[in-house]
Each structure stands twice: as C-alpha cells, then as structure tokens.
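Engineer: Would you mind keeping the following structure in view while I ask a few things?
The values are calculated or read from the model by the stated rules, or taken from the named source; none is laboratory data. In this text the structure is predicted, and so the values were computed from the model without any measurement. Positions of Cβ are backbone-derived with ideal geometry, glycine not excepted, and every protein chain shown enters the neighbour counts.
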Amino acid sequence: MDDATKDDATRGRTRRNKRQTEDERLLARPRANTDFLSTDTWRVLRIMGEFVDGFEMLADVGPAVTIFGSARVGVDDPMYQAAVDVARALGEAGFAIITGGGPGIMEAGNRGAREAGARSVGLNIELPFEQHLNPYVDTSVTFRYFFVRKMMLVKYAQAFVIFPGGFGTLDELFEALTLVQTGKVRNFPIILFNSTYWNGLLNWMRETVLPARKIAAADIDLLIVSDSVDEVRDLIVRSAYDTQWRSGTEAAAHEVTRRVLGRRSE
C-alpha cells in the first residue's frame, strides 16, 4: 500500500471517528430551541479573538509571499525541491514566506525561507485529523476557522505562488482569483508553478468557461504560469516595485530592485 493510499485510509477512519472542529460547530444548523443564544452568538467573540491574534502576530511581517500546494508531497517529489528553491529565492530577495504550516509543499516553503534566513510563517488550521506544524516555521498561528485563516494568508501577502495540490489548494487559488478579479486586492500576482499540472485547468477555462461567457478573456490573464524559479522571483519583485512606485515611495522601490536583482535602479 503506497503512502497516498495509507493516507486516504487514515483519513477515512478519522472521518468516521472525528472530533468536531470549530468550523463544523459554526456551520451546524441551529436547533429548534434557543441553544444558539449560548453557542452561535457567543462564538462571534471567539472568531473576533482569532482575528486579533492573527493581526497581532503578523502586523510586523513586512513584504511576504504566500506559498500553497499539496500536503501529500514528499521530500523526494520534484515539486518539494522546487518549492524549497522558490521560497529560498524569494527569501533572499527580502520577502517573508507564509504557508499553511503543515507538511508537503508547505514544509518545503518554510524550509526554503529558513535556508534563506527569511522570516518563516506557518498559519496552521484545526482539522479532524491532526495537522502538525512543520519544523521550519518561526512564527506560527493556529486557527479554528478556515475563513479567518484564509484572510490572513491573503492580507499579509504580496503574491501567491501555487504549486500542484488538491481541493485546499484549488480553494485558495480561486479565492485569490476572485478577490483580484473583483478588485478587492490589486497588484497581486497569482503564479501557478508547473505548467504541466495546471494546463488542463487553464484549457478548460479557455475552451469551456470562456465560450459560455462565464468569465472574460482578461480574467484568465490574471493567472501566470511558470516553470522557472528565477522567473517567479523576478515577477514578484517587479510587482512589489510597481506597487511601491505607484504609492509614491520611490526610494523603497529603488531599494527593492537593488536588493533583489542585484543592481541599482537609475
């Protein structure tokens, strides 16, 4: 039995005997009586507390990039090393690295940050099956609610780099894509790493979703596909430079270029 099959079997047993998470309790239908007066209503305070904890822990994180991808990737998978390399390159460029704090691609991202001497942030989530924090995280916050965690993953990042992954990765991808498409966040690169993995999804968008007029051609252009560590780094650096320039902080923009690309912006 391979590791993925064992993992699936473990998850199946866990689902049958799982403990309730805070997300599950929040989404549960209220009972006919007034129990919700002492549950859902007061749960708002716990949610507020999670936002406060996240804001306090991450307020000084500085320029950062969030890396997503499968938790099922092992150290011998080429995408694990690619994620280490991307995170290291971005860390050396002056960016903190934020991940979901777990294993697989998340671990690889935090590992690359550690190797670069950059700040390594892990935003963990309470799950029915335990997801332990990987050993390469310097700053950690554990959330009970997915929607709080997702906001933190976006709020403190200047870009997303998304490696091959499953439902969780796709959820984060489309969350970010929707925020950019609707103008809720701006100057926010969304980079899909490994063209072979992502081309099928992009072709479906072009050949099915676009002709059906569910999206515009410009919406697909919001996604950048790359197989190059250096290209990913340079795309994010240029975006950070443009953001600083447009905000009027030209000295900071020049410093970004000097530190990251190793040359002065004249």
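Engineer: Take MET106 and decide whether it is surrounded by fewer than 23 Cβ atoms within 10 Å (Cβ to Cβ), in contact with a Phe, Trp or Tyr (Cβ under 9 Å, 6 or more places away or on another chain) and modelled with pLDDT of 95 or more.
Structural biologist: So MET106 fails the test.
Engineer: Checking ASN199 against (1) crowded, with 17+ Cβ neighbours inside 10 Å; (2) farther than 19 Å from PRO63 by Cα; (3) among the polar types (S, T, N, Q), which single condition isn't satisfied?
Structural biologist: (1)
Engineer: Additional query: Taking into account only those residues within the stretch 187-239 that are basic (Lys, Arg) and either in contact (Cβ under 8 Å) with a residue 12 or more places away in the chain or part of a helix (DSSP H, G or I) (or both), which is nearest to PHE163 (Cα to Cα)?
Structural biologist: Taking the stretch 187-239 first, the residues basic (Lys, Arg) are 206, 213-214, 233, 238.
From the residues that got through so far, the ones that are either in contact (Cβ under 8 Å) with a residue 12 or more places away in the chain or part of a helix (DSSP H, G or I) (or both) too are 206, 233, 238.
Numbers: ARG206: 21, ARG233: 14, ARG238: 21 Å.
Out of the qualifying residues, it is ARG233.
Engineer: Next up: Being among the charged types (D, E, K, R), within 18 Å of GLY69 (Cα to Cα) and in a helix (DSSP H, G or I) is the requirement here; does GLU115 meet it?
Structural biologist: Working: among the charged types (D, E, K, R): yes; within 18 Å of GLY69 (Cα to Cα): no; in a helix (DSSP H, G or I): yes.
So GLU115 fails the test.
Engineer: Might you let me know whether the stretch 143-163 holds any residue that is farther than 23 Å from ASP53 by Cα, in a helix (DSSP H, G or I) and of a type outside the set (Asp, Glu)?
Structural biologist: No, that holds for no residue.
Engineer: Considering only helices (runs of 4 or more DSSP H) fully contained in the stretch 2-91, which possess at least 1 residues that are at pLDDT 70 or above and closer than 30 Å to VAL225 by Cβ?
Structural biologist: Working: elements: 3-16, 22-27, 40-58.
Answer list for the stretch 2-91: 40-58.
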